[in-house]
Every structure is written in C-alpha cells, then in structure tokens.
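This report refers to the structure that appears directly beneath it.
The values are calculated or read from the model by the stated rules, or taken from the named source; none is laboratory data. The structure presented is a predicted model; accordingly, all values stated were derived computationally and were not measured. No Cβ is skipped: glycine too gets one built from the backbone with ideal geometry, and neighbour counts run over all protein chains shown.
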Amino acid sequence: MKTKKLFKQTGKYLRELSIVVIGVAITVSIGLWINNINNRKDLKQYLTAVKMELESNARNFDFYAEWYQKSVRYANYISRTDKKTIDKDTLNYYKITDNDGCGYGYYHSSAFVKTNVFEMFKTSGIMRQMNDKMLLETIWEVYSMQLNTQLFLDLCFQTKREEVIKETQLRAEGKPIAVPMQTFYSTDLPYAMVRMCKEASEILRETISKLEKAL
C-alpha cells in the first residue's frame with residue numbers, strides 16, 4: 001500500500017512538473033518567436049532607411065556630375081585655345097559659379113555623402129540578423145566607396161584652392177595670369193571628378209536595386 005501510494009504521489013509530481021516545464025517551454029518559444037519577428041521588423045526598417053540614404057546620395061552624385069561639367073568645358077576651352085586669343089568674357093563666364101555649373105576657381109566642400117543611417121545600423125546590433133552576407137558586404141563596400149569618392153573630390157578642391165592662393169599672390173605682385181588655374185585644368189582631374197561621380201551614382205543604384213529585391 002505504501003509503495004502504491006508513493007507511486008501515485010510521484011506520478012502526480014511528475015505530471016505537475018511536466019505541466020510547468022511545458023508552460024515554460026511554450027513561454028520561451030513564444031518569446032523567441034516574438035523577438036524574431038521584432039528583429040526582422042527592425043532589420044527591414046534599417047534596410048529601408050539605408051536604401052533611402054543611398055538614394056539621396058545617388059541624387060547628390062548625379063547633381064555634382066552635372067555641376068562639374070562646366071569645369072570640364074573650361075578645361076576643354078583652354079586646351080584648344082591659344083592663350084594669346086583667350087577671350088576675357090569667356091574667362092568671366094567660366095569663373096562664375098551659377099546655374100550652369102561650378103566655376104573654375106570655386107571654393108567648395110564636397111561633404112555631401114550622408115552616412116548617419118549606416119552608422120546607426122552598425123551600432124544597433126541588427127546587422128547580425130542579416131542572412132544575406134553578400135548583401136551586407138555590398139552595403140559596407142558601397143559606403144566605403146562613397147567616402148573614398150568624397151575624399152578624392154575634397155583633395156581636388158584642395159589642389160584648386162592652393163592654386164587660387166598662388167595666383168592671388170601673383171596678381172598682388174602685379175604679375176597677371178593669362179590662363180587662370182591652368183595647372184589644375186591641364187590635368188585629367190576635372191574629367192576624373194565627373195567620371196567618379198557618375199560611377200558612384202551607378203554603383204549606388206545597383207545596390208539600391210539589390211536592397212529593393214531584399215525588402
């Protein structure tokens with residue numbers, strides 16, 4: 001009788017324990033399920049925000065690729081024209097930065113690449129939720145490419161700035177400049193500025209297309 005009673009008590013205890021274990025397992029499973037849903041939701045929101053940031057940067061690269069065309073036309077003009085026949089009115093046109101584009105000696109900062117969303121994405125910890133590692137690598141590479149392009153443009157403007165300072169000093173000494181900014185515009189830098197902006201825009205749009213498919 002005692003053994004039978006012990007078996008009954010043990011069985012009752014095991015049933016109660018199994019109910020508790022099952023309840024905990026269900027609770028944990030539901031918690032993990034909800035957490036996964038929230039993580040996927042957060043990941044989608046971040047990728048959408050990254051896509052929007054890249055779209056904004058692509059538009060900026062398109063704008064500057066067009067804006068720098070005036071400088072390219074100036075480079076073409078001075079390369080094809082004898083400096084003795086350089087027209088002053090033409091020089092004044094290319095000097096001015098206006099709706100037609102960037103003047104040949106214009107001081108400018110090309111810090112237009114936005115990275116705030118990407119920086120938040122990096123620190124959020126959500127990146128590790130991405131299963132598509134190739135897409136993640138592409139995103140990292142495209143942001144690196146943008147910053148490198150921006151750095152190149154800044155170096156070009158720094159080179160222009162230094163030449164402007166030298167020419168200003170020469171004019172102050174009474175030494176006229178027949179062809180302004182000739183050193184800079186005799187190189188391939190004006191053309192490279194346009195080319196790199198166009199290439200950056202193309203790469204960005206390819207990445208945006210990949211993000212749209214992923215979303």
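Quick notes on this one:
- The residues in segment 48-66 that are more than 14 Å from residue 139 (Cβ to Cβ), surrounded by fewer than 16 Cβ atoms within 10 Å (Cβ to Cβ) and more than 13 Å from the chain's Cα centre (by Cα) can be counted, and the count is 2.
- Each residue in segment 141-167 was checked for being farther than 19 Å from residue 197 by Cβ and either in contact with a Ser or Thr (Cβ under 7 Å, 6 or more places away or on another chain) or among the aromatic types (Phe, Trp, Tyr) (or both), and 1 of them qualify.
- Qualifying residue in segment 112-122 (condition: basic (Lys, Arg) and touching a residue at least 60 places away in the same chain (Cβ under 8 Å)): yes
- Pairs linking a residue in segment 132-152 that is among the hydrophobic types (A, V, I, L, M, F, W, C) to a residue that is surrounded by 13 or more Cβ atoms within 10 Å (Cβ to Cβ) and not in a helix (DSSP H, G or I), with Cβ atoms under 7 Å and 6 or more positions apart or on different chains, are 136/130; 147/113.
- The set of residues in segment 100-134 being modelled with pLDDT under 90 and either in a strand (DSSP E or B) or touching a Leu at 6+ places or on another chain (Cβ under 7 Å) (or both) consists of 110, 126, 127, 129, 130.
- Of all residues in segment 67-99, those that are surrounded by fewer than 14 Cβ atoms within 10 Å (Cβ to Cβ), part of a helix (DSSP H, G or I) and not polar (S, T, N, Q) total 5.
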